[in-house]
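Before any comments, here is the structure.
The values are calculated or read from the model by the stated rules, or taken from the named source; none is laboratory data. Keep in mind it's a predicted model, so treat the numbers as computed, not measured. Quick reminder, even Gly has a Cβ in these numbers, built from the backbone with ideal geometry, and neighbours come from all protein chains shown.
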């Protein structure tokens, strides 16, 4: 039996098993680590267990299945796998089996993560602001602003431009509570976001402002190059097909045939029912 096989056997032994590695295994393991290791083949049962755990995570936390394709998630899992392997290898080299650390010992709290992000943002804010300013001055661009009400009224501002390499860039500059609903409050809030990123109102000569068609938004940016957001227009059109305004809003050109409207209403009803089913499943999983 080679050193690699003995190492795999040692790592597979449960933590409660009273096992003591001998000096020969430790020495051969040290020598083998210098060589190119072969890839570990994950057993099918392990893959199924991981799949079940991920499905449960998506259901409980209400996140999309394609989260597993996200670069950040895969990078985090890759780090955990590498660290786990290093811990196991260190256990073999030192000839002592350690109990695996708990989740609470490994994962930081949300407060620790927030502080880390804030510190990183503070260190990068100067270069980032200069990068935004130089691109908007040289190539132009756009700001988009939107508001929403979920118990509190929120506002978000994003910047969009194409850089010198012809790559489309977009960044969320800020999202925060919005204390006023009138045009003056919206404009003051927008200007405050510009100031926080060392951008003056003079930059508005080089850019477009994209908002929804709300009257307060139009009034807030009446002196700017403002255009309606196509996403909002599409959403409004789709919504009013199944939930028409009491007074006519759309022209006959925008109206659909009766059979098309009927199909859309069916889809709308199906989606609403699906939401009820999903919420019910989440409730059952959470309390069981």
Per-region count, the stretch 107-158, residues within 16 Å of residue 198 (Cα to Cα) and under 18 Å from the mean Cα position of the chain (by Cα): 3
message: I'd like to verify a number: residues in the stretch 156-178 that are surrounded by 13 or more Cβ atoms within 10 Å (Cβ to Cβ) and assigned to a loop (DSSP other than H, G, I, E, B), how many?
response: 2
- prompt: Can you name the residue in the stretch 43-56 that is free of Cβ contacts under 8 Å to residues at least 40 places away in the same chain and surrounded by 11 or more Cβ atoms within 10 Å (Cβ to Cβ) and is also farthest from the chain's Cα centre (by Cα) among such residues?
  reply: 49
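Provide a single number: the residues in the stretch 118-132 that are farther than 16 Å from residue 174 by Cβ and exposed (fewer than 11 other Cβ atoms within 10 Å of the Cβ). Steps first, please.
Here is the first cut: in the stretch 118-132, the ones farther than 16 Å from residue 174 by Cβ are 119-120, 123, 126-127, 130-131.
Among the residues that remain, those that are also exposed (fewer than 11 other Cβ atoms within 10 Å of the Cβ) are: 119-120, 123, 126-127.
Adding up the residues that qualify gives 5.
Of 212, 174, which residue is closer than 26 Å to residue 138 by Cα and touching a helix residue (DSSP H, G or I) at 6+ places or on another chain (Cβ under 7 Å)?
Values: 212 fails: closer than 26 Å to residue 138 by Cα.
Among 212, 174, only 174 is closer than 26 Å to residue 138 by Cα and touching a helix residue (DSSP H, G or I) at 6+ places or on another chain (Cβ under 7 Å).
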- prompt: Condition test on residue 83, is it outside any helix (DSSP H, G or I) and surrounded by 12 or more Cβ atoms within 10 Å (Cβ to Cβ)?
  reply: no
message: Among the residues of the stretch 200-244, what is the count of those that are in contact with a strand residue (DSSP E or B) (Cβ under 7 Å, 6 or more places away or on another chain), within 16 Å of residue 155 (Cα to Cα) and not in a helix (DSSP H, G or I)?
response: 7
query: With respect to residue 199, is the statement that it is more than 18 Å from residue 216 (Cβ to Cβ), touching a residue at least 24 places away in the same chain (Cβ under 8 Å) and surrounded by 14 or more Cβ atoms within 10 Å (Cβ to Cβ) true?
result: yes
- line: Reported set for the stretch 91-114 where residues are over 16 Å from residue 80 (Cα atoms) and surrounded by 11 or more Cβ atoms within 10 Å (Cβ to Cβ) is 91, 92, 93, 94, 95, 96, 97, 98, 113, 114
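Could you go through the stretch 179-186 and let me know if any residue there is more than 18 Å from residue 147 (Cβ to Cβ) and not in a loop (DSSP other than H, G, I, E, B). Quick ask: steps written out before the conclusion?
Just the residues of the stretch 179-186 that are more than 18 Å from residue 147 (Cβ to Cβ), to begin with: none.
Scanning the stretch 179-186 turns up no residue that is more than 18 Å from residue 147 (Cβ to Cβ) and not in a loop (DSSP other than H, G, I, E, B).
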query: Looking at 164, 170, 195, which is the one that is in the same structural domain as residue 222 (by TED's automatic domain parsing) and under 25 Å from the mean Cα position of the chain (by Cα)?
result: 170
- request: Could you grab me the full set of residues in the stretch 57-97 that are under 27 Å from residue 278 (Cα atoms) and touching a residue at least 24 places away in the same chain (Cβ under 8 Å)?
  value: 59, 60, 62
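Quick grid of which residues meet (1) in contact with a helix residue (DSSP H, G or I) (Cβ under 9 Å, 6 or more places away or on another chain); (2) touching a residue at least 24 places away in the same chain (Cβ under 8 Å); (3) loosely packed, with under 11 Cβ neighbours inside 10 Å:
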position: 116; (1), (2), (3): no, no, no
position: 134; (1), (2), (3): no, no, no
position: 143; (1), (2), (3): yes, yes, no
position: 146; (1), (2), (3): yes, yes, no
position: 154; (1), (2), (3): no, yes, no
